[in-house]
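Nothing in this text is a laboratory measurement; each read-out follows from the coordinates by a stated rule. From a predicted model like this one, the values you see are computed outputs, not experimental measurements. In this analysis, Cβ positions are derived from the backbone assuming ideal geometry, glycine residues included, and neighbour counts consider all displayed protein chains.
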C-alpha cells in the first residue's frame, strides 16, 4: 500500500482538473464508438497522465477506480484519500454520486493473493455486454468479474462457435461460456479451480437462460482435467485458454508459471481438440514469449493481439492473444 502523503491543495486541484479534462477528451474520442458498439461498461481513463496513475472504468453509471503500483515512490499519491480528492471534479462532470464510486489501491499481486476477496461481503450487480447480462462485483475483489479488455475476443469466439463444442479453461466467471452458449455452441465446458468463481459462472449462465446440461462447469486443476478428457475421448472444436500468470493454489500440484508451462499446457489442449480445432490463447504477462518452435509442429500460430485490443484501452500491453489452429 502507499504511505500517506501530504499534498498541497493547489496540487490536488491541478491534478483534479487535469484528470477531468482528460476524461472529457477520452469520452469525446470514444462517444461514437461506444454508441455504435452499444457498450455500457468501458474504460474512461487508463493511466494517461504519469502523475495520476489511476485506471477508471465505467459500469452503467458507477465508477470502478484503481490506483496502480509505480516503480518509483510517488510522493503525490496517498491512497484512497488522494484518489477521492483528485477524482471529485470528474465525478461531478460525469454526474456520479459518491456512493457509486468504488476505490482500490492495486499493488503487485502474486499467486492466490490476487484472487482473494478484499472484504467479507459480496456485492454483485448486473451489467450488460454484447446483448448478454453479467454479474460484477465492484467491492470485494481487485478484479470485477468481467475482463473488459477481452470483449473483442469473446465476440470472436461467439462468431465461430455455432454448432461447435467449446472448452473454456481457467473460465473465471464464465463470460466466454455465456457468449458461446448464447451464440449456438453445441455445448460448452468451463473449468476452474475456484468454487467461488464456478458458482459465479453458474449464476451468469442462469442469468442468460442457458441450459446447464449443455453448458457444464467442472472444478479442478486444468492440467488434470485435460488428461482426464484425453482418456475419456471427449473432444472440442474450440478451446479458450486464458491462464493466470502465476498460481500456487493448494488444490493443484506444484506451481503454475505461464512462461515456463504454457507449451506443456497447450500440448495437453492439443490432445483434446477435434481435427482442425482452434485455440484462443491469451496472457497478460508483459514479458511473455511464446514458444513457437515447440508449438509449430502441432499448430498454425497467428498473433491476433492487435485485433483483440479494444479502443478504450490506452495500455496496448494489457494482454497478448494468439489463434492456434490444430494441424492434425
Computed over the chain: relative contact order in percent, which uses C-alpha pairs under 8 Å that are six or more apart:
13 percent
Work out how much length residue 271 to residue 315 would gain on full extension: take 0.36 nm times their residue separation and subtract the Cα-Cα distance, in nm to one decimal.
12.4 nm
Of 140-147, 8-15, ordering from highest average Cβ density within 10 Å down gives 140-147, 8-15
Ranked from highest to lowest mean number of other Cβ atoms within 10 Å per residue, what is the order of the peptides 280-288, 213-221?
280-288, 213-221
Between residue 293 and residue 264, what length comes free when the chain is fully extended (0.36 nm per residue of separation minus the Cα-Cα distance, one decimal in nm)?
9.2 nm
Given an 8 Å cut-off on Cα distances and at least 6 residues of separation, report the relative contact order of the stretch 9-108 as a percent.
30 percent
Relative contact order (%) - criterion: Cα under 8 Å, at least six apart; region: the stretch 149-326:
21 percent
May I ask you to work out the translational diffusion coefficient for the stretch 186-318 at 37 °C, viscosity 0.692 mPa s, via Stokes-Einstein with Rh from the Kirkwood sum over Cα pairs, reported in whole µm²/s?
200 µm²/s
Segment residue 123-residue 228, length gained on full extension (0.36 nm per residue, minus Cα span):
34.3 nm
For Cα extents along the principal axes in Å, the listed values are [x] 61, 47, 34; [y] 66, 37, 37; [z] 64, 44, 40; which was obtained by calculation from the structure presented?
[y]
